[in-house]
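*Asks:* Here you go, one structure.
The values are calculated or read from the model by the stated rules, or taken from the named source; none is laboratory data. What you see is a predicted model, and the numbers here were worked out from it, not measured in a lab. Cβ: placed from backbone, ideal geometry, glycine included. Neighbour counts: every protein chain shown. Just the protein is used for accessible areas: all its heavy atoms, side chains included, with ligands, DNA and RNA removed. Shrake-Rupley method; radii C 1.70, N 1.55, O 1.52, S 1.80 Å.
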Amino acid sequence: INLAHNNISLSEMPNEWKHGWLNLRSLNLSHNNIGPSIDLLHLKFDQNEIIVDLSHNVMEKIRFNEKMAHLFREKISVHLTHRRTINISDNPFNCDCDCLHLAQNLVDSPIHLMTYWFRFFGDKLICSAPQHLKGLDIREVELDKFVCPTDACPPGCQCNKIPYPSAPSVGCSATGMQ
C-alpha cells in the first residue's frame, strides 16, 4: 500500500494494517506527518515479514521502555526470525538519551532486545539535536554521548542522565565545586 504524501499521522492509521491484513508486505508512509515521538508499540505489526517506509516524516524520537521490553520478551521466541524492516531515513532525530535504543539497533547490537523485532535502516540518519551532535550520523555517535539533562542537580551545576554505561554526570566546575 502506498500512502506517501498524505499528511497522515500514526493516530489515523487503522489497526487492521497492523493486525488484520496478514498478507500486507509493504506499507509506504513516507512524506507524511508521523512524529515527533512514536512508541515502538505503534510499529508492532503482526505480519511475519513487512517493510514499512517511514522516511521523510517528523520523527524525533522512537521510544522504547521497560513496559515495552516486557511485552516483546513474552513473544520473542515465536518471532526471532520475523523482523519488521523499517526505513527511517530523513527524519529530524533528537539524539538524546531516548535515542540510545535506536542507535544500538542501528549497529545491530545482539544484546539489544529491539534488534530481534525490528531492523531499522536509512541512508540519512542525521541528528537534528542536541546542538553538539547536530549534523552527525546516529550510527557514528558514541553511545555515551546520548545524554539527557536532569533537574535533580545541585544549584549551579549541570547534570545529565547517561544511559550507556548507565551513570549520572555532574558538572560543577563553574561554581568552584569539585
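*Asks:* Sorting Val147, Val52 by accessible area (1.4 Å probe), largest first, what list results?
*Replies:* Val147, Val52
*Asks:* Can you order the peptides 37-46, 19-28, 55-64 by their average number of other Cβ atoms within 10 Å per residue, highest first?
*Replies:* 55-64, 37-46, 19-28
*Asks:* Still on this structure, I have one more. Do the alpha carbons of any pairs in Lys61/Lys161; Lys124/Lys145; Lys18/Lys134; Lys124/Lys161 sit beyond 23 Å of each other, and which pairs?
*Replies:* Beyond 23 Å between Cα atoms: Lys18/Lys134; Lys124/Lys161.
*Asks:* Something else: With an 8 Å Cα cut-off and a minimum separation of 6 or more residues, compute the relative contact order for segment 1-62 in percent.
*Replies:* 40
*Asks:* Going by average Cβ neighbours within 10 Å, how do the peptides 91-102, 133-144 rank, with the highest at the top?
*Replies:* In decreasing order of mean packing, 91-102, 133-144 become 91-102, 133-144.
*Asks:* Between Asn6 and Leu41, with labels modelled 7 Å along Cα→Cβ, what's the label distance in nm to one decimal, could you check?
*Replies:* For Asn6 paired with Leu41, the spin-label model returns 2.4 nm.
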